[in-house]
Amino acid sequence: MSDSEDEVRLEARLREQEYFRPPSKFVGQANVSDPAVYDRFGEFPDGFEEYADLLDWDDRWDKVLDASNPPFYGWFTGGTLNASYNCVDRHLDDRKNQTALLWEGEDGDQRNISYQDLYREVNEMAAALRSMGVEEDDVVTLHLPMVPALPVTMLACARIGAPHSVVFAGFSASALAERVNNAESDYVVTIDGYYRRGEFLDHVQKADAAMDETERDPEVLVWTRHDEPHDSVSVSDDYTMVADLLEEHRRERVDPVARDAEDPLFLMYTSGTTGKPKGCQHRTGGYLAYAAGTSKYVLDIEPEDTYWCAADIGWITGHSYIVYGPLALGTTSVMYEGAPDFPHKSRIWEIAEKYDVDVFHTSPTAVRQFMKWGPEYIEGYDFDFRHMTTVGEPIQPEAWLWYYKHIGDEDAVIVDTWWQTETGGHLITNLPALEDMKPGSAGLPAPGIEPALLDDDGEEIEPASGQAGNLIIKKPWPGMLQTVYGNDERFIETYWADFSDTDSDDWTDWNYKAGDGAVHERDGYFRILGRLDDVMNVAGHRLGTMELESAVAEVEDVAEAAVVSREHTEKGEVPDVYVILREGVEESDDVRQRIVGAVEDEIGKFARPANVVFVDDLPKTRSGKIMRRLLENISNDKELGDTTTLRDPDVPERIRDQMKAD
Ligand code: ATP
Ligand code: MG
């Protein structure tokens, strides 16, 4: 049998299969392999103490949950702890020489930062920040790329009890200024520059422009990517060089400040996929407990592992699952500075091989990118993941199977993790050794989490009935946001008002609204449909954009697709399809026909797309999510709206120009 016939058979077999069992060698070594975990966490709220017990507390809590003033909950109240102590100091006795952060620069630089090194660097930076006047509860804004300075500064802030607000490095000066204003921040920490696709980017100029724009007058501290500031960059005399400060505070030690469990640890703005980003405020005790607990139970990491979450620390995934969770558990966490395709499309696999990565975390959008490039870029690299995860968007079964086969070698367990900036950690995801994998489905609720689906009138839909509804979470959990920074009203309005009795002070009358639609399948698994706003009404039929996109993705030549609604006088709304083709495929009427045909076959003739637009790029957020609202505005010839959180702000205009030309 030829290779390609072999391939076809395998694809067919994989496709027919609905569930995939975790490999027994995985189950044998897993951190959680006893289903009793669900019963333990079923003891609400005490079950969550199991996560809090993973941490070292200065004072143990009096109360697990204070629900006296919903939705402003208190977790582990009366307890005190320090996050930097938990992520660094407490590991020194057992593993001070073990690598904490394994950093690979895009230019090939490499650093192995042991827990002892991290301890020294965090202390010196904490002393430096204090010497600049940073006090407990001052918000420090970090505009740093994927270099060790970022986690070091975060942990230094945590050490002195100053909440950090990390702004993704790719964001513009305006986005930075807006967040400095919103967080009332008087300190900005930045860097001269960093590497992206072989180029040294002048980063500090964004701080310059942001300082012109903001109404505040923050102190600006500047790290350098190399020992000296880069020749191509000029740093204002008004700024303070971090290197000079560190020199002054060599070998200094700063006692970790005992923080109340409810004191804020950081602010993190949402991705802005659906509108203006919300500044989520996260608490110290509950957040850290939840990040550590889910890292241990869901990501299944142990201190001996080399774990790589190939996301950016500039969004919540990186906070919980590059920095706080893995370091609280004392593991080795990999960080990569650059682009996945620089200098070649095998860079990720080269790094995985070089560091012998055990656990790998990425996003569906990255998987689709790898699919688009083709499996030849993976072949020949010797790595062996035992566990892989995805986050950020629903993963189409198509992409899941590809991930399973080509990256996991049909031998790794995969979990899809549904959660949000607001939730601090995973909420719906299978525990990897306990549940079968099901492509396209996020799976069961995490221990102690109680999701439900409501119809638009707020009535609960019968559980596991296979129907779709609004996803809510009925009980609070330790990782949840405390509020939207400085805006309790927006907090209530956005997350609670729709499905809660807001006059009640009984917490059971309050439900957290996720803003996503989901189906609770008969097997108990939750399948996430995407945003509630991404549902369209075609001739009286309600269709999720996800379903349409999955149908389009079935066409071989399609690498990535986004479907949005175009207003239509007769049908109400009709789908427009935006498509990126796989490498080497030319656009043609034939491909167009096959895309239209796939939608007609999978969904029905009524859903026939009005337009199929071939594009080079889709408008995406920094975290790789498609901003469908922008495409929808293009389809309907409307103003674009807020584009500040786009990774590449020019994409919508390019698409618009192209559509005019076609
Ligand atoms: P904003 O709230 O500003 O519009 P955002 O919701 O994209 O932006 P994030 O908090 O980064 O900001 O993303 C959370 C959202 O991502 C979820 O509400 C959901 O729509 C989507 N999501 C995350 N993980 C998954 C997953 N595993 N499956 C499906 N969707 C997911
Ligand atoms: Mg959101």
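Just to be sure before I move on: is G380 outside any helix (DSSP H, G or I), closer than 18 Å to S84 by Cβ, more than 18 Å from the chain's Cα centre (by Cα) and more than 13 Å from ligand 1 (Cβ to nearest atom) in the structure I sent? No: the conditions fail for G380. Here is the figure for segment 265-280: residues that are within 20 Å of T141 (Cβ to Cβ) and either surrounded by fewer than 22 Cβ atoms within 10 Å (Cβ to Cβ) or within 13 Å of ligand 1 (Cβ to nearest atom) (or both) total 10. Selection of strands (runs of 3 or more DSSP E) fully inside segment 496-555 by the criterion of at least 1 residues being more than 16 Å from ligand 1 (Cβ to nearest atom), more than 20 Å from P445 (Cβ to Cβ) and touching a Leu at 6+ places or on another chain (Cβ under 8 Å) returns 535-538. Looking at segment 210-290, the strands (runs of 3 or more DSSP E) lying wholly inside it that each contain 3 or more residues that are touching a residue at least 12 places away in the same chain (Cβ under 8 Å) and within 16 Å of ligand 2 (Cβ to nearest atom) sit at 264-269, 279-283.
Go through segment 551-571 and report how many residues are at pLDDT 80 or above, surrounded by fewer than 22 Cβ atoms within 10 Å (Cβ to Cβ) and either among the charged types (D, E, K, R) or more than 16 Å from V613 (Cα to Cα) (or both). Residues meeting the conditions: 7.
Scanning for something away from ligand 2 (no atom under 16 Å from the Cβ), part of a strand (DSSP E or B) and under 19 Å from V413 (Cβ atoms), does segment 293-306 turn up at least one residue?
Initial filter on segment 293-306 (away from ligand 2 (no atom under 16 Å from the Cβ)): 293-306.
Okay, now just the ones that are also part of a strand (DSSP E or B), so 306.
Right, trim to under 19 Å from V413 (Cβ atoms) and you get 306.
The answer is yes; a qualifying residue exists.
Would you pick out the residues in segment 328-338 that are outside any strand (DSSP E or B) and either within 17 Å of the chain's Cα centre (by Cα) or among the aromatic types (F, W, Y) (or both)? Scanning segment 328-338 gives a single hit, E337.
State whether the residues of segment 306-325 include one that is more than 16 Å from ligand 1 (Cβ to nearest atom) and either closer than 30 Å to L630 by Cα or charged (D, E, K, R) (or both). For segment 306-325, residues more than 16 Å from ligand 1 (Cβ to nearest atom) and either closer than 30 Å to L630 by Cα or charged (D, E, K, R) (or both): absent.
The values are calculated or read from the model by the stated rules, or taken from the named source; none is laboratory data. From a predicted model like this one, the values you see are computed outputs, not experimental measurements. Counting neighbours? That spans all protein chains shown, and the Cβs are built from the backbone with ideal geometry, glycine included.
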